[in-house]
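Written out below as structure tokens is the structure these notes cover.
The values are calculated or read from the model by the stated rules, or taken from the named source; none is laboratory data. Given the structure is predicted, the values throughout are model-derived calculations rather than measurements. Every residue, glycine as well, gets a Cβ built from its backbone with ideal geometry; the counts of neighbours run over all protein chains shown. Protein only, heavy atoms only, side chains kept; ligands, DNA and RNA dropped before computing areas. Shrake-Rupley method; radii C 1.70, N 1.55, O 1.52, S 1.80 Å.
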Amino acid sequence: PKPVEFEVSSLKVALKNFSPDGRKPSPLTVSARVGAGQTEPGRVDYQGNLALAPLSAAGQVQIVRLPVHAFEPYFGNTLNIELLRADASFKGRVRYADGAAGPSVDLAGDTALEDLRANSVPVSAPASGTGTASTTLWVPEEILSWKALSLRGLAVSLAPGTSTSVAVAETALSDFFARVIIDPTGR
């Protein structure tokens with residue numbers, strides 16, 4: 001119901017020695033600026049290889065201040081917060097391969113989630129049986145924020161038939177604020 005709005009500019013794509021059958025990996029370079037709202041656009045750069053049959057990609061990725069909040073309508077219904085702002089960064093290597101058993105993904109590098117701001121979601125009282133509509137019990141208020149959460153030495157591995165593996169060498173969090181709210185229904 002809520003549209004996703006973002007702007008892509010300075011898009012550059014270079015694909016060399018592309019094979020029509022897509023079996024041989026081709027060198028691929030992609031770069032773009034991605035913005036949302038009045039903030040400075042973030043940057044996405046990929047340099048690596050791409051094969052189409054089966055689909056696979058491996059290369060170096062650098063993402064600088066990608067506005068995650070612009071994509072909130074895609075995943076916001078799974079959160080119990082209203083994401084107002086969050087900028088993501090990542091620098092490292094990524095590998096994706098489509099296999100018969102399913103896709104596998106490996107990534108390794110440093111990542112950060114910066115300038116996060118989130119509000120509580122309004123809680124509505126259920127409608128009474130008298131035909132009245134539900135009423136909002138309270139308005140959203142700031143519940144979570146931080147300046148930067150960085151994960152250095154992040155390694156993630158997902159493969160069919162195996163447990164997901166996540167390792168982090170170092171974590172840092174700065175200018176953190178959180179509030180615990182108990183609503184009138186006791187939640």
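Modelled with pLDDT of 95 or more and surrounded by 14 or more Cβ atoms within 10 Å (Cβ to Cβ): is that true of Leu107 in this structure?
Criteria met by Leu107.
What are the residues in region 93-125 that are free of Cβ contacts under 8 Å to residues at least 24 places away in the same chain and part of a strand (DSSP E or B), if any?
Passing the criteria: only Ser124.
What are the residue pairs meeting all of these: first residue in region 59-87, first residue within 12 Å of Leu116 (Cβ to Cβ), second residue β-branched (Val, Ile, Thr) and assigned to a helix (DSSP H, G or I), Cβ atoms under 7 Å, and 6 or more apart or on different chains?
These pairs meet every condition: Ala86/Val68; Asp87/Val68.
All but one of (1) under 19 Å from the mean Cα position of the chain (by Cα); (2) within 23 Å of Thr111 (Cα to Cα) hold for Glu5; which doesn't?
All conditions pass for Glu5, except number (2).
For residues that are open to solvent by 40 Å² or more (accessible area, probe 1.4 Å) and aliphatic (A, V, I, L, M), scanning just region 95-104, find the one that is farthest from Leu55 (Cα to Cα).
This residue is Ala101.
Write out, first by first residue and then by second, each pair whose Cβ atoms fall under 9 Å of each other, whose residues are 6+ apart or on separate chains, and whose first residue, in region 139-158, is in contact (Cβ under 8 Å) with a residue 40 or more places away in the chain and under 16 Å from Val105 (Cα atoms) while the second is open to solvent by 40 Å² or more (accessible area, probe 1.4 Å) and among the polar types (S, T, N, Q).
Ala155/Ser165; Val156/Thr164; Val156/Ser165; Ser157/Thr164; Ser157/Ser165; Leu158/Thr164; Leu158/Ser165
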